[in-house]
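Worksheet: the structure to be examined is printed underneath.
The values are calculated or read from the model by the stated rules, or taken from the named source; none is laboratory data. Not measured: the values here are computed from a predicted model. Cβ: placed from backbone, ideal geometry, glycine included. Neighbour counts: every protein chain shown.
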Amino acid sequence: MTPPAATDRDGAPEGEEGAMRVRVDTDKCCGSGMCVLTAPDVFDQRDEDGIVRLLDERPPEHAWPDVREAAVGCPAQAIEADED
């Protein structure tokens, strides 16, 4: 019989914290590319017009600071990053 997995205070499996969910609004995007420069593993730009492409809707925790910075620095406010 396997013992139950350890959990943290929030009831999540130990070692697994909440998750970040990223959304982009391509209608708002002005194609500045700041997000790509800030978090290149999460954002890219379409070749034809420079509009943002989301590469990873649920980025790994190590990318969260860069994603937050990209969201704050987006001149069109086209990026939302929510943490569970």
Residues in segment 43-84 that are of a type in the set (Val, Ile, Thr) and either loosely packed, with under 15 Cβ neighbours inside 10 Å or farther than 18 Å from Cys30 by Cα (or both) total 1
Among the candidates Asp25, Asp44, which residue alone is over 9 Å from the mean Cα position of the chain (by Cα) and either farther than 15 Å from Ala81 by Cβ or among the aromatic types (Phe, Trp, Tyr) (or both)?
Asp44
Among the residues in segment 70-84, are any at negative phi, at pLDDT below 95 and part of a loop (DSSP other than H, G, I, E, B)?
yes
